[in-house]
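Data first, discussion second: the structure below is written as structure tokens.
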Amino acid sequence: MTDTPLLKVSGVSKFYGSRIGCKDVNFELWPGEVLAIVGESGSGKTTLLNCLSTRLMPTAGSVEYRMRDGNFRDLYHMSEAERRFLMRTDWGFVHQNPADGLRMTVSAGANVGERLMAIGDRHYGKIRETASDWLSRVEISTDRIDDQPRAFSGGMRQRLQIARNLVTGPRLVFMDEPTGGLDVSVQARLLDLLRGLVNDLGLAAIVVTHDLAVARLLSHRMMVMKDGHVIEHGLTDRVLDDPREPYTQLLVSSILQV
Amino acid sequence: MTDLATYNFAYLDEQTKRMIRRAILKAIAIPGYQVPFASREMPMPYGWGTGGVQVTASIIGPEDVLKVIDQGADDTTNAVSIRAFFQKVANVAVTTHTSDATIIQTRHRIPEQKLGENQVLVYQVPIPEPLRFLEPRETETRKMHALEEYGLMHVKLYEDIAHNGRISKTYAYPVKVDSRYVMDPSPTPKFDNPKMHMSDALQLFGAGREKRIYAVPPYTEVVSLDFEDYPFEVQKFDQNCALCGAHGVYLDEVVLDDKGGRMFVCSDTDHCEDRREHGHVGEMLAPSKEAAE
């Protein structure tokens, strides 16, 4: 890890009229670090994630990102072209529902290759080679390269979505409930895979989840949100083993034990 | 003249023509950019060339000579009726000879004969948006054009190669105009794409239902998209034209009987007739004159 953060978030608030989406969120994210945002449904996790990933304009506050040249840029003072370029090269966004992040009617290979073609790759053979390499890295058999994601199971779709995001070697990945809607054994495999990839590639990631087990497995640090406010913030193990806020204590004690 | 109500010259009223001309000028100024315009109802159904007819009506003058082709032919229904339409509403001279025409309205083909600086080619366009079947949202495709995000176009070509082993798109093959806008050259066969590149003639595209006009000014770069290892190629025909013996032109296949008999003839009828007049003879006309009947 380096001394300078990758992302600096200060005073981010989002109001929907008089309702609070999220309020006055501050944190910094370092390269290679995984941050989990947890909280119950409606607590503002996804609003915050959307504000950070420029999918939603915050009402107040600033989000600064350290570009590859080392300079910090305020995401909301960039031109739309720059922002979109950043989103498809240096960033990834993994949606809860793979259909939102994939092109369901083009083959798996083209799904993975799309970002490469978007940044000017014009050699079919090389694109295909990279795509098939990435499919095997996310444990999708390479003979499925010409199948459409429609023919894939939920777990495979999610893994394909991850491959599609990681192919350009992003430095920061946003994940919105990456394991939502998958059954537990598939979840476990996906988490294993994600953990491996994040470690190998040194990715920084912000993971939104309501599942504390996911946060425990994937993240180094976590933030607990309630009613749009960050109520507790710390190392994952500390927050989960020694929760300080009454709400966090409630959350941790609500985990079902088998 | 009688006192009966008559059509304005070239059917459209002057204000409409003015509006369309402004759209055309803008289109010429930004090659390949789709300019929205207030498309009018025309006395023909959408899909029959309402866009092309409006463009032609806006640029045609009494001195112009008009040629209309449909799939390269001067004598098909669409071509004949549009030609008759302009004879009636503009009283202009019409021709089937490519070299005599000053305005050529076309659906699908670019004439085989090289066009000159004094000629304008008007295309009838059904779907002007090259990204349409890849991205259904108009707001998004406009943004993609504005920000020059054309990766998706190559996704389509990638899919072609992945499934068919080659780029199988044969018509409406996407091109990049003047190194900036990706453009759908309307449903012309890709055989004609190279003719658009650095053309001497002005090329105007009108889409009536979609209400868009775009243009390729003369001497503008038009490059067909491809991959480095799968370069753009045009269709090749093994046969020569059965009537005029032409080679290296676009041929239509004509089924002759139910026993597998077929012939290949020039799609450009004027080109074919011209060659025959100059004594070129194809396989089918060689033995006896009656065989062509």
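The values are calculated or read from the model by the stated rules, or taken from the named source; none is laboratory data. Here the structure is a predicted model, which means the values were calculated and not measured. As a convention, Cβ positions derive from the backbone with ideal geometry for all residues, glycine included, and neighbour counts pool all protein chains shown. Keep in mind that these areas ignore ligands, DNA and RNA; they rest on the heavy atoms of the full protein, side chains included. Shrake-Rupley method; radii C 1.70, N 1.55, O 1.52, S 1.80 Å.
With a ≥ b ≥ c taken as the square roots of the eigenvalues of the C-alpha gyration tensor of the stretch A:32-155, please select rounded if a/c is under 1.5 and otherwise prolate if a/b is larger than b/c or oblate if it is not? Here the stretch A:32-155 falls in the oblate category.
Legend: P(r) of the protein assembly as shown from all alpha carbon pair distances, 20 Å bins from 0, whole percents, reading 19, 39, 27, 14, 2, 0. For chain A, find the longest principal axis of its Cα atoms and tell me its angle to the long axis of helix A:80-89, 0 to 90°, nearest 10. That helix lies at roughly 70 degrees to the long axis.
Shape annotation for chain B: C-alpha extents along the principal axes are 64, 57, 36 Å, from largest to smallest. What separates the Cα centres of the stretch B:15-70 and the stretch A:81-138 is a distance of 40 Å.
Using alpha carbons only, how many degrees (0 to 90, rounded to 10) separate the axis of helix A:184-201 from the longest principal axis of chain A? In chain A, helix A:184-201 runs at an angle near 80 degrees to the longest axis. When you restrict to C-alpha pairs under 8 Å that are six or more residues apart and normalise by the size of chain B, the relative contact order lands at 20 percent. Pairs spanning more than 23 Å between alpha-carbon atoms, out of A:LYS23/A:LYS45; B:LYS67/B:LYS195; B:LYS26/B:LYS190; B:LYS26/B:LYS88; A:LYS126/B:LYS195: B:LYS26/B:LYS190; B:LYS26/B:LYS88; A:LYS126/B:LYS195.
In the stretch A:55-108, the convex hull through the Cα atoms has an average projected area of 5.2 nm², a quarter of its surface area. Other residues within the sphere of radius under 10 Å centred on the Cβ of A:ARG238, judged by their own Cβ, net out at -2 (K and R +1, D and E -1).
Would you mind telling me the antiparallel percentage of the DSSP bridges in the stretch A:11-100, rounded to 5? Kindly include the intermediate steps, with their values, before the conclusion.
Details: 8 of 8 bridges.
The antiparallel fraction comes to roughly 100 percent.
Restricting the trypsin sites (Lys or Arg not before Pro) of the stretch B:39-142 to loop positions (DSSP other than H, G, I, E, B) with no more than 14 neighbouring Cβ atoms within 10 Å leaves B:LYS114, B:ARG132, B:ARG137. Heavy-atom accessible surface of chain B, averaged per residue, reaches 48 Å², computed with a 1.4 Å probe. With respect to chain A, whose longest principal axis is taken over its alpha-carbon atoms, helix A:154-166 is tilted by about 90°.
Across q = 0.14 Å⁻¹, the stretch A:107-249 modelled as identical point scatterers on its alpha-carbon atoms has Debye log10 I(q)/I(0) values of -0.72, in the order of the q list. Once the 1.4 Å probe is applied to the protein heavy atoms, the stretch A:1-99 comes out at 45 Å² accessible per residue. Using R0 = 45 Å, the C-beta based FRET efficiency linking B:VAL65 and A:MET104 works out to 0.30.
Within the stretch A:1-90, which trypsin sites (Lys or Arg not before Pro) sit in a loop by DSSP and count at most 16 neighbouring Cβ atoms inside 10 Å? Intermediate values should be presented prior to the final figure.
On the way: sites: A:LYS8, A:LYS14, A:ARG19, A:LYS23, A:LYS45, A:ARG55, A:ARG66, A:ARG68, A:ARG73, A:ARG83, A:ARG84, A:ARG88; in loops: A:ARG55, A:ARG68.
Hits after loop and neighbour filter: A:ARG55, A:ARG68.
Test of understanding: express the Cα radius of gyration of the stretch B:156-291 as a ratio to 2.2 N^0.38 Å, with N the residue count.
Normalised by 2.2 N^0.38 Å, the Cα Rg of the stretch B:156-291 equals 1.28.
Mean per-residue shielding of peptide A:114-123 is 5, counting Cβ atoms of other chains within 10 Å of each Cβ.
When Rg and the Kirkwood Rh are both derived from Cα coordinates, the Rg/Rh ratio for the stretch B:1-143 amounts to 0.98. Expressed to the nearest 5 percent, the antiparallel share of DSSP beta bridges inside chain B is 60 percent.
When only alpha carbons are used to place a centre, the stretch A:198-253 and the stretch B:85-104 end up 75 Å from one another.
Determine the share of the protein assembly as shown's accessible area contributed by carbon and sulfur atoms, expressed in whole percent, with a 1.4 angstrom probe.
Working: 12570 of 25210 Å².
Carbon and sulfur: 50 percent of the exposed surface of the protein assembly as shown.
Both chains summed, the buried accessible area for A and B stands near 1900 Å², from protein heavy atoms and a 1.4 Å probe. Among bridges DSSP assigns within chain A, what percent are antiparallel (round to 5)? Percentage antiparallel, nearest 5: 50. For the pair the stretch A:173-191 / the stretch B:223-286, the C-alpha centres are spaced 57 Å from each other.
Packing order of peptides B:153-164, B:91-102, B:200-211, highest average first: B:200-211, B:153-164, B:91-102 (average count of other Cβ atoms within 10 Å over each peptide's residues).
Take the alpha carbon gyration tensor of chain A, find the square roots of its eigenvalues, order them as a ≥ b ≥ c, and report rounded if a/c is under 1.5; if not, report prolate when a/b exceeds b/c, else oblate.
Values: a/c = 1.86, a/b = 1.32, b/c = 1.41.
Oblate is the answer for chain A, as a/c is 1.5 or above yet b/c matches or exceeds a/b.
When you work out D = kT/(6 pi eta Rh) for the stretch A:198-252 at 25 °C and 0.890 mPa s, using the Kirkwood radius from C-alpha pairs as Rh and the Stokes-Einstein form, the result is 208 µm²/s.
With 40 Å² as the minimum drop in accessible area between chain alone and full protein complex (1.4 Å probe), the qualifying residues in the stretch B:122-161 are B:LYS143, B:LEU147, B:GLU149, B:GLY151, B:LEU152, B:HIS154, B:VAL155, B:TYR158, B:GLU159. Note on the stretch B:38-90: Kirkwood hydrodynamic radius from all Cα pairs is 11.6 Å, rounded to one decimal.
Hey, got the dipole for the stretch A:63-173? About the Cα centre, +1 on K and R Cβ, -1 on D and E Cβ, debye to the nearest 20?
Numbers: 18 positive and 15 negative charges, 6 e Å.
Here the size comes out at about 40 debye.
Mind checking the stretch B:64-145 for GluC sites (Glu not before Pro) that DSSP puts in a loop (not H, G, I, E or B) and that have at most 12 other Cβ atoms within 10 Å? Of the GluC sites (Glu not before Pro), the ones in loops of the stretch B:64-145 whose Cβ has at most 12 other Cβ atoms within 10 Å are B:GLU117.
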